[in-house]
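Below is one structure, written out as C-alpha cells; comments come after it.
Every number in this text was worked out from the coordinates using simple rules, so none of it is lab data. The shown structure was predicted, so the numbers you read here are calculated from the model rather than taken from an experiment. Cβ sites come from the backbone with ideal geometry, for glycine too, and all protein chains shown count toward neighbours.
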Amino acid sequence: MILDTSTLSAEDGIYFVLRDIYSKAGFTRYQLKKFEEYSLYLENMSFLSSGSIITFNDSDGKLLALKPDVTLSVAKNTKATEENFEKLYYRESVYRMDRHTREYREISQAGVESIGGKDIYSTLEIIMLAAESLKAIDSDFVLNISHMGFIKGMMADFNIENQTLSAGITNCISSKNCHDLREYAKTAGIEGQKIENLIELISGKTNFDEIIGIAKKLISGNNTRTAVYELSELFNIIKDTPYADRITLDFSIVSDMNYYNGIILRGYVRGVPKAVLSGGRYDKLMARFGRNAGAMGFAINLSEVASYYSAKPEYDADILLIYNKDHTPGEVFAKAQSLRKNGNRVIALQNIPEGKKFKQIIRL
C-alpha cells in the first residue's frame, strides 16, 4: 500500500518521519497502557512537571490516573537490565494541567528510551537521535546539553548544608540570575573566585572549549571531574558530525537531582518560543524501581510543534462534484471514484457550501 502523506496533519506528518528515524536506529515501537495506578505518580511527584493529575476509581475501587508522563511507566514496566537492553520508541498522549489556563490538556508526545547501557556510545546515540529528530522538524534548531553529575558534584564540593541556600543557588543557575547567585553564594561561604567562575559558567558563552575550560576551574571532586571527562569525550565526537554547530553546552539547564544523574537535553526549533524536546539520563529513576540498568531518553511535544507548524490548506478539496436528485447514487459514486483515481481529493454534494474553497467544480 502506498501512503499519501500530503493529507496528513502536521502532527501525524512529523511523527511518520520520526518513526522512520527511530526504526532505522533499531528502536522498536512500545505501546503503553492509557493509565497507571495513582500511587506510581504519588511516590514520584517531584519527577513530574505538574502535580495535578486526573484520577478515577476502577470497578474494584482502585485509584487510577491518566498518564501525566511516559518515562515513569517505561521505567516501572521494563524488564531491561545492564546486560539485556531495550531500545524503545513511542507515540503517546499525556494529560497535564496548563499552568496559565489551569485546564487539563491532552499532549501528544513522541520519544525514545534506551534502557540498559551506561557507556559513552549509549549516551551519544540518544544525543544524535535528538539532533536528527529536531532537524526533521526544522533545519534551524538548537540542542542544548548539560550534565547533572557536574551540577550535583559542584554543589557537593561547595559543602552547602543549608537546603534553602542550595536550592536558591540551583534556581539562580537555572534562571541565569547572576545577581542573586552572587548573593546566595556569598551567604553560603563560597570563595570569591569560585563565585566568579560559576557566574562565568552560565554567562551565555557558546564555545565548547571555552565553557569546559571554565568548568575545569570548578573541579574539586570525582563527580565534577567525571562529568567534565564525559562531556569532553562526547563533544570530541560531536565536533566531527553534521550537527556540530547545532549542539551546545549550557550548564544552566537543571533537572531534578533525585532522578537525573548525567547528560540532560533541551531542544528548540525555529519559531517555537519554548523547548519542544527534553530528556536525559535517568539511572537514578531506574534504581528507585530496583533496576540495575542505565537509562536515557527524550520526548518531543508533538502538540506544541504542530500548533506552530500547522498550515491551513488553501483548498478544502481539489474537486467539488455537484449532483442533483435525477442522478442515481451509483452514478455519483462512480464519477467521484473516477476523479479520485488521479489523486484528487473529491467531495460530492448537491450544493456549493458557503465558506469553502475548491480548485475545480464539476457538475455531473
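State which stretch of the chain is the longest one without any exposed GluC sites (Glu not before Pro), exposure meaning a DSSP loop state and at most 16 other Cβ atoms within 10 Å. Display every interim value, and only then the final one.
Numbers: sites that count: E43, E82, E83, E103, E161, E191, E314, E354.
It runs 192-313.
Normalised by residue number, the volume inside the convex hull of the Cα atoms of the chain is 201 Å³ per residue. In a simple Cβ point-charge model (Lys, Arg +1; Asp, Glu -1; nothing else charged), the chain has a dipole of about 760 debye relative to its Cα centre.
For the chain, what does the helix formula give at 222 nm: sum of -39500 (n - 2.57) over DSSP H segments with n ≥ 4, over the residue count, nearest 500 deg cm²/dmol? It would help to have the intermediate numbers written out before the result.
Numbers: 13 runs with 142 residues, N = 364.
Counting only the DSSP helices, I get -12000 deg cm²/dmol.
Of all the Cα-Cα pairs you can form in segment 236-364, what percent are over 26 Å apart? Each step should come with its number before you reach the end.
Working: 4620 of 8256 pairs.
Beyond 26 Å sits 56 percent of the P(r) for segment 236-364.
Considering only alpha-carbon pairs that sit under 8 angstrom and 6 or more positions apart, the relative contact order computed for the chain is 18 percent.
Could you check what % of the DSSP bridge pairs in the chain are antiparallel, to the nearest 5? Before the final figure, lay out each step's value.
Numbers: 42 of 56 bridges.
Expressed as a percentage, antiparallel bridges in the chain total about 75.
Remark: relative contact order (segment 317-363) = 64 percent; criterion is Cα-Cα distance under 8 angstrom and separation of 6 or more residues. Of the trypsin sites (Lys or Arg not before Pro) found in segment 259-359, those in coil by DSSP whose Cβ has at most 14 other Cβ atoms within 10 Å are R270, K274, K325, K341, K356, K357. Here K359 is the anchor, and the aspartates and glutamates within straight C-alpha reach of less than 18 Å, apart from those fewer than 8 places off in the same chain, are E314, D316, D318. Largest mean-square fluctuation among V272, V142, V70, in a Gaussian network model of the chain whose springs join Cα atoms under 10 Å apart, belongs to V272.
Scanning residues 5 or more positions from E36 or on other chains, those with amide H under 5 Å from its amide H are A65, K67, with H placed 1.01 Å from N in the peptide plane. In order along segment 31-46, the Karplus-derived 3J(HN,Hα) couplings, from 6.51 cos²θ - 1.76 cosθ + 1.60 at θ = phi - 60°, round to 10, 9, 6, 5, 8, 10, 5, 4, 4, 4, 7, 4, 6, 10, 4, 5 Hz, and Gly and Pro are given as x.
Listed by chain and number, the aspartates and glutamates placed with their C-alpha closer than 14 angstrom to that of K79 are E113; residues fewer than eight positions away on the same chain are left out.
Taking a ≥ b ≥ c as the square roots of the eigenvalues of the alpha carbon gyration tensor, segment 176-231 is oblate, as a/c is not under 1.5 and a/b does not beat b/c.
Using θ = phi - 60° in the Karplus curve 6.51 cos²θ - 1.76 cosθ + 1.60, the 3J(HN,Hα) couplings for segment 185-195 round to 5, 5, 4, 6, x, 6, 5, x, 5, 5, 4 Hz; x is entered for Gly and Pro. Centre-to-centre, using Cα atoms only, segment 122-138 and segment 59-93 are separated by 22 Å. Amide H contacts of F141: none lie under 5 Å away among residues 5 or more positions distant or on a separate chain (H built 1.01 Å from N in the peptide plane; Pro and chain starts excluded). Per-residue Karplus couplings for segment 327-332, computed as 6.51 cos²θ - 1.76 cosθ + 1.60 with θ equal to phi - 60°, are listed in order as 8, 7, x, x, 5, 5 Hz, Gly and Pro entered as x.
Taking every pair of Cα atoms in segment 317-363, average 1/r, invert it to obtain the Kirkwood radius, and report Rg/Rh to two decimals.
Working: Rg = 10.3 Å, Rh = 10.8 Å.
Rg/Rh for segment 317-363 comes to 0.95.
Can you list which of the trypsin sites (Lys or Arg not before Pro) found in segment 98-178 are DSSP loop residues with at most 10 other C-beta atoms within 10 Å?
R99, R102
Straight-line cross-link reach from K274 at under 23 Å between alpha-carbon atoms covers these lysines, not counting any fewer than eight positions away in the same chain: K67, K135, K176, K205, K312. Taking amide H atoms as placed 1.01 Å from N in the peptide plane, the amide H of R96 lies under 5 Å from those of R105, I107, each 5 or more residues away in sequence or on another chain.
For S232, neighbours were defined as the other residues whose beta-carbon sits under 15 Å from its Cβ, and their charges (Lys and Arg +1, Asp and Glu -1) total -1.
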